[in-house]
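Participant: For reference, the structure I am asking about is given below.
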Amino acid sequence: MLKKRASFWLAMFVAAALLSLALACGGGNKETNNDGGATPTGGKYSGGVGSVSGKTAFNGTAPAPRKIDSSADPVCGQKNPTLSTEDVIVTDGKLANVFIYIKDGTTADGKKISDYAWDTPATAAVLDQNGCHYKPHVMGVMTNQKISITNSDPTTHNIHPQPAVNQEWNQSQVANAAPLEKSFNRQEILVPVKCNQHPWMKSYIGVLKHPFFAVSKADGSFEIKGVPAGKYTVAAWHEKGGSKGTEKTMEVTVTANGTATADFSFDGAAMVRNSQGTSLEMLPAMELPMLVKH
């Protein structure tokens, strides 16, 4: 009888300790510059709109793509014989895969852009695994917008977002599997995504409460449409330049039916110098239960 009582109280103590740990770790999110977000108070915006457009330049000599050793998974080499890194894509001095977004600002009627409620797109954004790369390499979505994750390769991939304020998850997807449907419910710039099976595979997802973002194309061009008239801080983010990448900002004024210009220039030497090296070795896929997220 005494042994049973001792076992019972030991089990209760362990359960209480685990509950306390979970509450301590889950009592708040990490401090970041991401606005997880207060409830919008301004309703729907109905005033005049314009746009923000520009180009992203790369100053200096662009690093040559590095060929990836895919011998640990021959399928990757067969599907994509020229498999190489894609962290810096420069064409004629213009930088692709830069995430540009309205960081903050005030509309012409004096309200912050974050005060308004913006409709979440009904159409899912698509993140495909194709040629043992994530496509697109950089993308943007709104909070709670569905993301359809597909596998176009005849091999198994492992999708592992590593957010700071959103829920982390880690899931494998075999060839010909049905799409995975996920979403992020908090604003975050940006969520890195990796593949535990193929460590060179990386993607970045910008999550915003509003739809005013874009990704620069191969020629460095971008356009953000439907921006309410007002004064804003526009930010441009690229993955190179340290663990948090490089972000540049600029102030613009958007007029109704007008186009504000925001051209950004990145110092290639500084970005490459400050970037951390990345191992391209093959790692085994792992799926671990997320018991407690600090």
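The values are calculated or read from the model by the stated rules, or taken from the named source; none is laboratory data. Predicted, not measured: the structure shown is a model, and the values here were computed from it. Methodologically, a virtual Cβ is constructed for each residue, glycine included, from the backbone with ideal geometry; neighbour enumeration extends over all protein chains shown. For the accessible areas, the whole protein counts, side chains as well, though only heavy atoms, and no ligand, DNA or RNA atoms are used. Shrake-Rupley method; radii C 1.70, N 1.55, O 1.52, S 1.80 Å.
Participant: Any chance you could count how many residues in the stretch 148-162 are open to solvent by less than 10 Å² (accessible area, probe 1.4 Å) and closer than 21 Å to residue 244 by Cα? Talk me through it step by step, then tell me what you get.
Facilitator: At the first step, the residues of the stretch 148-162 found to be open to solvent by less than 10 Å² (accessible area, probe 1.4 Å) are 149, 153, 157-159, 161.
The next check asks that each one be closer than 21 Å to residue 244 by Cα; those that pass are 159, 161.
Number satisfying all stated conditions: 2.
Participant: Give the residue that is most open to solvent (accessible area, probe 1.4 Å), with candidates limited to residues of the stretch 126-147 that are closer than 16 Å to residue 195 by Cα and free of Cβ contacts under 8 Å to residues at least 60 places away in the same chain.
Facilitator: Result: 135.
Participant: Turning to a different aspect of this structure: For the stretch 165-188, give me each residue that is surrounded by fewer than 18 Cβ atoms within 10 Å (Cβ to Cβ) and either in contact with a Gly (Cβ under 8 Å, 6 or more places away or on another chain) or in a loop (DSSP other than H, G, I, E, B) (or both).
Facilitator: Matches in the stretch 165-188: 167, 168, 169, 170, 174, 175, 176, 177, 178, 179, 183, 185.
Participant: Report yes if residue 280 is in a loop (DSSP other than H, G, I, E, B), over 22 Å from the mean Cα position of the chain (by Cα), closer than 24 Å to residue 163 by Cα and modelled with pLDDT under 95, otherwise no. If you could, list the steps in order and put the result at the bottom.
Facilitator: Numbers: in a loop (DSSP other than H, G, I, E, B): yes; over 22 Å from the mean Cα position of the chain (by Cα): no; closer than 24 Å to residue 163 by Cα: yes; modelled with pLDDT under 95: yes.
No, not satisfied.
Participant: Only one residue in 226, 220 is within 25 Å of residue 104 (Cβ to Cβ) and open to solvent by less than 30 Å² (accessible area, probe 1.4 Å), so which one is that? Steps first, please.
Facilitator: Values: 226 fails: open to solvent by less than 30 Å² (accessible area, probe 1.4 Å).
One residue alone meets the criteria, 220.
Participant: Could you list, in sequence order, the residues of the stretch 95-109 that are part of a strand (DSSP E or B) and open to solvent by 60 Å² or more (accessible area, probe 1.4 Å)? Full working, then the answer.
Facilitator: First, pick out the residues of the stretch 95-109 that are part of a strand (DSSP E or B): 95, 99-107.
Of everything in the stretch 95-109, those that are part of a strand (DSSP E or B) and open to solvent by 60 Å² or more (accessible area, probe 1.4 Å) turn out to be 103, 104.
Here is a yes/no grid of residues against (1) among the small types (Gly, Ala, Ser); (2) within 16 Å of the chain's Cα centre (by Cα):
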site	(1), (2)
131	yes, no
143	no, yes
147	no, yes
151	no, no
162	no, yes
165	no, yes
184	no, yes
